[in-house]
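The values are calculated or read from the model by the stated rules, or taken from the named source; none is laboratory data. Small disclaimer: the values here were computed from a predicted structure and weren't measured. Using ideal geometry, Cβ is built from the backbone for each residue, glycine included, and neighbour counts are taken over all protein chains shown. Quick note on the areas: whole protein, heavy atoms, side chains included, nothing else; ligands and nucleic acids left out. Shrake-Rupley method; radii C 1.70, N 1.55, O 1.52, S 1.80 Å.
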Amino acid sequence: MDTKFQKHYRVCNLCEAMCGLEITHDGTAVKNIRGDKKDPLSKGSICPKGALIDKIHTDPDRLKTPLRKKANGEWESIDWKTALDSVGEKINEIRLKYGDDAVGIYLGNPTVHNFGIMLMIGELKRMLRTKNSFSASSMDQLPHHFMGYYMYGHPLNIPIPDIDHTNYMIIFGANPIASNGSLMSAPGIHKRLTAIQKRGGKIIQFDPRKNETSKLVDEHYFIKPNTDIYFLLGMLHLIQKNNWIKLHHVDNHITGLEKLNGIATSFTPEKVAKITGVSAKDSMRITKEYVAQDKAVLYGRMGMSTQEHGGLCHWLSGVINILTGHFDRKGGVMFTKPAFDIKRAKTFKKAHGRWHSRVRGVPEFEGELPVSVMAEEIETPGKGQIKALITHAGNPVLSTPNAKRLDQALPKLDFMVSIDIFLNETTKHADIILPPPSHLEVDHYDLIFNLISVSNNVKFSKALFKPKKGQLYDWQIAKELTKRFAKVSTKKPSRLFQWLTPRQLLNLGLLTGPYGKLSSSSKWFSGLSLKKVINSKHGIALGALQPRIPEVLLTTDGKINIADEVFLKGLEKVTAELEGHPYAKLSKSDFLLVGRRNLRTNNSWMHNVENLVKGKNKCTIMMHPADAESHQLNEGQKVIVTSKTGKISIPLEITPNLMPGVVSIPHGFGHTKKGTQLTIASKPENAGVSVNDITDHNRIDPVTGNAAFSGQVVQIAAAI
């Protein structure tokens with residue numbers, strides 16, 4: 001290697017896989033990026049996003065100085081003090097005039113990939129004291145958190161598949177090859193899945209679409225969108241009927257078992273088959289195989305979450321894993337033991353229904369309202385109406401249900417500020433944009449994804465490059481705004497917040513964590529500290545997943561609450577629709593819409609990287625050949641997709657990989673709105689359309705409040 005080049009090792013912070021990167025650079029520019037073969041978790045795995053992370057850093061559209069919108073709508077650069085003072089003064093003015101709830105806050109997906117802002121955002125929200133807090137969680141993984149809270153005592157108590165040791169894996173509504181694993185941080189997922197088969201195991205997948213993961217599973221079954229709940233209840237029916245229950249060591253750590261008696265009696269394989277489209281014969285065989293396996297796991301992800309009964313699905317998947325002895329055991333679902341466990345900092349006695357949204361009356365969860373209600377809370381006059389909005393690293397104008405309504409609502413705000421590196425479809429509405437440094441200019445530690453890693457590991461990534469002189473990090477922006485918001489708050493920022501930096505808070509967490517120098521289980525010289533983690537360069541392996549019951553439980557009685565009333569009540573509608581499901585009323589012109597994810601473009605701002613979007617247009621509507629023929633539609637032609645909330649025009653892609661009666665459109669596209677700097681690199685014709693111009697904000701999971709994107713009814717016709 002040329003002596004002028006150096007090696008830098010870090011964790012990729014573009015998705016939750018936590019792949020280790022080996023970056024060759026000259027101190028100012030990146031020469032090459034490879035997977036870090038010495039990273040104990042990823043072992044050299046890398047995806048196209050990580051290989052091109054420097055292209056986001058060097059993107060000419062990336063903002064580096066604060067922007068302020070002038071009266072004529074044009075932007076001007078301003079200094080940081082002026083920007084921060086303006087934001088503080090305007091937000092406080094609105095709070096004093098209309099009340100604290102007049103300020104809304106929205107946190108986008110990248111927020112959880114930034115440990116600095118994660119450690120500081122709580123104080124900012126505490127100073128604002130608003131009930132109008134939102135995040136991308138309620139369009140994604142909220143049902144997982146709901147299950148964690150009600151069953152195991154904390155929203156972050158989420159058991160994950162012990163994928164490296166299981167011999168039988170059932171997958172519902174997930175595409176880990178495209179997501180690199182999800183709510184299961186599993187870099188090198190292809191090798192991990194194929195390893196199951198190499199040791200004689202089997203992978204079963206249920207999904208309305210044959211996706212990238214389907215190419216390597218042993219069996220794929222088309223299942224109608226929004227019907228996973230019926231299949232799971234069918235499995236529970238068979239487990240209870242045949243007395244296939246084996247609780248093993250968790251037997252004395254469960255409460256509410258008796259409440260499960262009879263809840264699945266009506267869900268016979270034959271009745272379930274009529275709704276799901278999966279034969280009774282297959283469901284009975286698969287359930288029996290799963291129960292008989294000593295190391296088996298039932299796992300669901302995005303497709304299971306974003307449907308009408310997402311909360312019930314994740315609860316039932318947990319129930320089934322527990323009842324069949326595939327819980328807290330090697331090869332089943334297990335709890336990670338992270339080096340810095342942020343769960344210990346909170347006691348969740350109540351985290352649901354403490355207040356409700358003003359217009360629709362939807363309950364909060366963990367201090368947040370569902371993002372599906374955000375637009376109406378801006379538009380509807382009255383006490384508590386959102387008059388000002390703060391966004392961080394999100395693009396809800398593309399990502400939220402019926403997003404065009406939000407696009408129309410944002411200009412009605414009195415004030416809006418966005419903490420973001422791009423001028424995009426959402427931030428274009430802001431009065432001030434505060435741009436933090438890029439992904440390669442920040443220290444990185446995964447606070448959240450180390451909680452759901454498939455093995456216990458720890459790694460810290462120092463910033464590779466220095467940001468532009470004077471540019472503030474996300475956490476510094478939050479800290480400065482918090483000081484200003486505190487001027488009209490009854491509470492003051494905590495001393496830890498005022499005195500310590502994210503690095504110092506992280507070090508404290510590691511020192512007092514389960515592997516730390518100040519923990520009871522480690523000797524002073526052998527335990528972890530931030531210095532030790534940094535010096536390791538590639539990270540430190542802390543061992544495979546181990547049983548953690550009852551240690552991990554944070555419920556008030558220290559037991560697994562296996563049948564909370566919130567879930568049992570939610571089952572009433574499912575049971576009522578068993579004999580007359582709404583799908584029976586669909587006409588031949590109705591299609592069920594599902595989403596999809598692309599490995600290279602899983603977030604809208606990645607569309608600015610040419611090598612991630614080059615080639616064939618990825619924003620198409622997929623349809624089965626028989627459906628295309630019956631509707632006299634041809635490959636590549638533009639079609640009009642119509643729903644209750646609007647219509648879009650999109651090219652048709654005909655493929656046998658879709659279940660008949662089902663169509664699929666990807667999320668994250670639609671960069672055609674005026675006023676943004678984002679392009680689709682050199683192929684603006686591939687900007688696509690936003691599927692959320694036709695999704696319905698009224699379709700939410702009644703149990704959790706999560707957006708129910710999957711299974712929406714649409715009609716399709718040729719564009720004239």
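Taking the convex hull of the alpha carbon positions in region 527-674 and averaging its projected area over all directions gives 17.6 nm². In the chain, a dipole from Cβ-located charges (positive for Lys and Arg, negative for Asp and Glu) runs towards its positive end, and of A296, H356, T24 it is T24 whose Cα lies farthest in that direction. Amide H to amide H distances under 5 Å link I700 with A708, where only residues 5 or more positions off or on other chains count and H is placed in the peptide plane.
Applying a DSSP loop filter and a limit of 14 other Cβ atoms within 10 Å to the trypsin sites (Lys or Arg not before Pro) in region 340-408 leaves K346, K349, K350, K383. Summarising the overall dimensions of region 419-537 from its C-alpha atoms, the Rg and Dmax are 17.6, 54 angstrom. Rolling a 1.4 Å probe over the heavy atoms of the protein chains gives region 598-656 an accessible area of 45 Å² per residue.
Placing E653, E565 in order of accessible area, with the largest value first and a 1.4 Å probe, yields E565, E653.
Ranked by the mean number of other Cβ atoms within 10 Å per residue, highest first, peptides 55-68, 695-708 order as 695-708, 55-68.
What a 1.4 Å probe finds exposed on region 252-343 is 51% carbon and sulfur by accessible area, rounded to a whole percent. Sequence-ordered 3J(HN,Hα) estimates for region 428-442 from the Karplus curve with 6.51, -1.76 and 1.60 and θ = phi - 60° stand at 4, 7, 6, 8, 9, 10, 10, x, x, x, 7, 4, 8, 9, 10 Hz, glycine and proline given as x.
Across region 223-229, computed HN-Hα scalar couplings (Karplus, 6.51 cos²θ - 1.76 cosθ + 1.60, θ = phi - 60°) run 10, 4, x, 6, 10, 4, 4 Hz from first to last residue, x flagging Gly and Pro.
Of all beta bridges that DSSP places with both ends in region 381-471, some 10 percent have antiparallel geometry.
Once backbone amide H atoms are built at 1.01 Å from N, S135 has L107, V371 as its partners under 5 Å, excluding neighbours fewer than 5 places away on the same chain. Between the residues T111, S86, P66, the greatest Cα displacement towards the positive end of the dipole of region 65-148, with unit charges on the Cβ of Lys, Arg, Asp and Glu, is found for S86. Taking a cut-off of 23 Å, what percent of all Cα-Cα pairs in region 469-608 are separated by more than that? When every Cα pair of region 469-608 is considered, 72 percent fall beyond 23 Å. Rounded to the nearest whole Hz, the Karplus-based 3J(HN,Hα) values (6.51 cos²θ - 1.76 cosθ + 1.60, θ = phi - 60°) of region 609-620 follow the sequence 9, 4, 5, 8, 10, 5, x, 4, 4, 8, 8, 10, with x at glycine and proline. The peptide list 129-141, 463-475, 34-46, put in order of mean Cβ contacts within 10 Å with the highest first, becomes 129-141, 34-46, 463-475. Just so you know, the Cα atoms of region 4-105 work out to an Rg and Dmax of 20.6, 59 Å. For region 550-593, the carbon plus sulfur part of the accessible surface works out to 54%, probe radius 1.4 Å. Just report the Cα centroid separation between region 530-575 and region 257-301, whole Å. That distance is 24 Å. Placing unit charges on the Cβ atoms only, positive for Lys and Arg and negative for Asp and Glu, gives the chain a dipole magnitude near 1780 debye about its Cα centre. Close amide H contacts of A718 (hydrogens built in the peptide plane, cut-off under 5 Å, sequence separation of 5 or more or a different chain): I640. Each DSSP beta bridge with both residues in the chain is either parallel or antiparallel, and the antiparallel ones are about 50%. Over region 144-242, accessible surface divided per residue gives 25 Å², non-protein components excluded, 1.4 Å probe.
If you wrap the chain in the convex hull of its Cα atoms and look at it from every side, the mean projected area works out to 30.8 nm².
Using a ≥ b ≥ c from the Cα gyration tensor of region 169-287 (square roots of the eigenvalues), is it rounded, prolate or oblate, where a/c under 1.5 gives rounded and otherwise the larger of a/b and b/c decides, a/b for prolate?
Cα axes put region 169-287 in the oblate bin.
Expressed per residue, the C-alpha convex hull volume of region 191-252 stands at 142 Å³.
Protection proxy ranking of 554-562, 116-124, by the mean of other Cβ atoms within 10 Å over each peptide's residues and highest first, is 116-124, 554-562. Pop out the carbon and sulfur fraction of the accessible area of region 128-183 as a percent, whole number, probe 1.4 Å. Here it works out to 49 percent.
So, for region 298-456, what is the accessible surface per residue at a probe of 1.4 Å, expressed in square angstrom?
24
Given the convex hull of the Cα atoms of region 349-438, what is a quarter of its surface area in nm²? Walk me through the numbers on the way to the answer.
Working: hull surface 26.7 nm².
Approximately 6.7 nm², given one-decimal rounding.
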